[in-house]
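Have a look at the structure below, then the notes.
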Ligand code: NAP
């Protein structure tokens, strides 16, 4: 039996699915010893720090991750950062193959004047803030204004808009960070504008997300019926299934009986971000109004302005670059997941960019692990265990993580929540017994 040692860097869905694909490709003659490195004290990536707290069902995939982690021949090295605590060179020499699954953590920039003003944030900061990510616990989110503008028409923009427009007590039974629940409870935000630069038929939302909007018990949801009907007429029978379903969901919302809740979410289309105005902080969002001419989006030359105190852009992400790992155009440079000229591979958003749902990473990782396994030499390397060079470092092992997990779940039970997340890295390390 030959045991190949594989390092996986990044304990998010793509990393776990890569581990699972390797575990599934073990044979009588060949198996894999998997070491998963994660820079945070906690694993699960976006399942912990991205998925909206009011979507607990999506997080049940974590049970699959824990099964993979406890299947044997798997070690977790939490609180270990590639580029700081270990190098890509070390990994390449100690392991038969290295898998980079570090995701896309940086928010794309709008590149418009005023983007740097206080009160202008990226969803890449706001989302981990409400999800108790240690790096964002101290983020200043000005919620002392009546109106917030969210830019983008994808599911992240939708999550952000919902979090701001929900009645805060609806978050009490969720695993939203304590500091975010406290801040949202004090929030003055009552109008949330979700602004797309193109038409309803171009929106990147998926229809289940749209279809849950009418179920919001304490929020009015407004959408311009004429814009949706126009899109339906434009597309006629030729619309793709997903687009048709989205337009049906939007039409349903637009046709809802008027409600008179304190909070309102507005879905707006054809608004291209132009400038953020304000004296020291965000005061106004200026859009150029777009229109469709022969199927092309073109500016009308007119503008629309929304007075607001908070602007959150949710227009996509890019991967962070890592020392010693080739990087190109916001992703880890790769060909079908292979990082050429190395024994490194990449999966998930780091490989293909920020697209798809959690499950997309399963088939993606499985395809790349097939290549990895096919590329392996006939005999494993005989290097020493890299763990020896981490002696003295506060490493969160699987056992340590299970202690954190159990403590968070137990603290949550008392409050009728799935868990009460700790957002301070040092506290998390203490909970792990370190
Ligand atoms: P996304 O789906 O790619 O949406 C990005 C949005 O930003 C698009 O509407 C895009 O509009 C807009 N945009 C890009 N550049 C812009 C600019 N300069 N000005 C104005 N708008 C701009 O990205 P995402 O929302 O970050 O989501 C990432 C992935 O995670 C997606 O696959 C999503 O489905 C998934 N996700 C899923 C869930 C869920 O399942 N519940 C939740 C969250 C995220 P254009 O189309 O005009 O470029």
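Between the helical axis of 360-375 and the longest alpha-carbon principal axis of the chain there is an angle of about 30 degrees.
On alpha carbon coordinates alone, what is the Rg over Rh value for segment 132-238, Rh being the Kirkwood radius?
1.02
Global dimensions of segment 160-220 from alpha-carbon coordinates: Rg and Dmax equal 13.2, 37 Å. The angle separating the long axis of helix 155-165 from the principal Cα axis of greatest extent in the chain is about 60 degrees.
The Cα center of segment 181-220 and the Cα center of segment 388-431 differ in position by 32 Å. On the basis of the beta-carbon distance and an R0 of 22 Å, residue 173 and residue 60 show a calculated FRET efficiency of 0.90. The C-alpha atoms of segment 368-434 occupy a region whose extents along the principal axes are 53, 32, 16 Å, arranged from largest to smallest.
Axis angle, to the nearest 10 degrees, between helix 13-24 and the longest C-alpha principal axis of the chain: 40 degrees. How are the Cα pair distances of segment 294-432 distributed, in percent, across 10 Å bins from 0? Here the calculated profile for segment 294-432 is 9, 18, 26, 28, 11, 6, 1. Only helices enter this figure: runs of n ≥ 4 DSSP H residues, each worth -39500 (n - 2.57), summed and divided by the residues of the chain, yield -9000 deg cm²/dmol at 222 nm to the nearest 500. Go ahead and collect, in residue order, the members of segment 344-378 whose backbone nitrogen is under 18 Å from a label point 7 Å along the Cα-Cβ direction of residue 87. Answer for this model: 344.
Specify whether the C-alpha gyration tensor of the chain places it in the rounded, prolate or oblate class, a ≥ b ≥ c being the square roots of the eigenvalues: rounded for a/c under 1.5, otherwise prolate if a/b is larger than b/c and oblate if not. All intermediate terms of the calculation are to be shown ahead of the outcome.
Values: a/c = 2.03, a/b = 1.63, b/c = 1.25.
The shape class here is prolate.
Spin-label model, residue 140 to residue 230: label points 7 Å out along the Cα-to-beta-carbon direction sit 4.0 nm apart.
Shown here are the Rg and Dmax of the Cα trace of segment 228-271, at 12.5, 39 Å.
For segment 89-158, just run the numbers: alpha carbon Rg, then divide by 2.2 N^0.38 Å, N being how many residues it has.
For segment 89-158, the normalised Cα radius of gyration comes out at 1.54.
Shape class of segment 109-315 from the alpha-carbon gyration tensor: oblate, with a/c at 1.5 or above and b/c at least as large as a/b.
Read-outs throughout are calculated quantities, based only on the coordinates presented, and are distinct from any laboratory measurement. None of these values were measured; they are calculated from a predicted model. Positions of Cβ are generated from backbone atoms using ideal geometry, with glycine treated the same way; all protein chains shown enter the neighbour counts.
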